[in-house]
């Protein structure tokens with residue numbers, strides 16, 4: 001087994017009568033960004049805490065490199081984690097917070113300056129953390145995760161509080177770390193950002209595995225083709241006969257799934273049907289995620305008219 005592989009096998013964790021994680025199994029491999037998605041209350045944070053030995057599972061296991069995280073002699077050199085950006089003593093400066101972590105893990109002072117520079121906090125390194133914005137605390141938490149130059153990174157909602165430049169920076173950082181062969185495991189509720197960042201996805205709902213797949217495969221299942229034609233009735237019948245799913249959109253427009261542009265164009269040409277538009281519509285991760293987790297949402301808001309969505 002690769003030393004920087006995360007393995008979760010049959011993981012179960014209960015809190016009183018609530019099952020937070022229910023017989024969950026998956027593998028996070030190096031060399032790619034793996035997104036960890038799920039509705040609120042799906043068990044994502046509990047799973048990450050179990051991997052880090054902060055929560056003891058009731059059943060199953062969570063290991064890094066085939067061993068529990070707590071069994072490694074220098075854990076900060078193996079896994080860099082950000083679970084809670086607020087978990088910092090506000091009276092310390094950014095520099096001294098990182099220095100304390102470094103010295104307790106046998107990491108040299110020079111590395112503190114390097115990670116402060118990486119996350120863009122060099123100019124405020126001597127300021128007390130209690131005066132930091134949420135975005136600055138997020139950057140400090142990422143600096144702490146990078147401190148041991150670990151082969152494994154686990155980040156829970158790392159873009160919270162970041163401005164657009166910061167979001168683009170963290171996206172580039174995560175992808176560059178994965179390109180170096182590191183294991184990058186990151187949770188987020190920002191579907192558009194995850195679609196631009198992750199290569200692989202682990203999706204959970206109500207503590208159970210919903211999907212373990214590549215970004216490409218998950219989104220491809222939702223792809224459709226937009227077609228416009230003056231011969232709506234004839235084309236709908238033709239495409240449905242060919243096995244496509246067709247949804248009329250009005251004004252001669254059709255949303256077609258199950259057939260690609262080339263096949264639709266060939267069928268229309270063979271039948272002598274004119275097309276005014278034929279364009280692929282890439283599905284969003286948000287759409288795919290909502291479809292996957294529709295039955296696994298623990299908390300639902302009410303629609304403006306009082307009806308439940």
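Structure above, values below:
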| item | result |
| --- | --- |
| Residues satisfying the stated conditions in the range 151-188, i.e. assigned to a loop (DSSP other than H, G, I, E, B) and within 16 Å of residue 83 (Cα to Cα) | 157, 158, 159, 160, 161, 162, 188 |
| Among the residues listed as 210, 219, 227, the single one being modelled with pLDDT of 90 or more, surrounded by 14 or more Cβ atoms within 10 Å (Cβ to Cβ) and either over 20 Å from the mean Cα position of the chain (by Cα) or not assigned by TED's automatic domain parsing to the domain that holds residue 28 (or both) | 227 |
| Qualifying residue in the range 41-57 (condition: farther than 27 Å from residue 170 by Cβ and buried (at least 16 other Cβ atoms within 10 Å of the Cβ)) | yes |
| Count of residues meeting criterion [under 17 Å from the mean Cα position of the chain (by Cα), without any contact (Cβ under 8 Å) to a residue 60 or more places away in the chain and surrounded by fewer than 24 Cβ atoms within 10 Å (Cβ to Cβ)] in the range 131-158 | 1 |
| Residues satisfying the stated conditions in the range 95-124, i.e. assigned to a loop (DSSP other than H, G, I, E, B) and either closer than 14 Å to residue 149 by Cβ or outside the structural domain of residue 135 (by TED's automatic domain parsing) (or both) | 105, 106, 107, 108 |
| From the options 168, 182, 175, residue that is surrounded by fewer than 20 Cβ atoms within 10 Å (Cβ to Cβ) and touching a strand residue (DSSP E or B) at 6+ places or on another chain (Cβ under 7 Å) | 175 |
| Scan of the range 208-246 for residues that are in a helix (DSSP H, G or I), out of contact with any strand residue (DSSP E or B) (no Cβ under 8 Å at 6 or more places or on another chain) and within 29 Å of residue 289 (Cα to Cα), ordered by number | 216, 217, 219, 220 |
| Unique match (being buried (at least 22 other Cβ atoms within 10 Å of the Cβ), under 23 Å from the mean Cα position of the chain (by Cα), within 20 Å of residue 187 (Cα to Cα) and touching a residue at least 60 places away in the same chain (Cβ under 8 Å)) among 37, 78, 83 | 37 |
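The values are calculated or read from the model by the stated rules, or taken from the named source; none is laboratory data. The shown structure was predicted, so the numbers you read here are calculated from the model rather than taken from an experiment. Methodologically, a virtual Cβ is constructed for each residue, glycine included, from the backbone with ideal geometry; neighbour enumeration extends over all protein chains shown.
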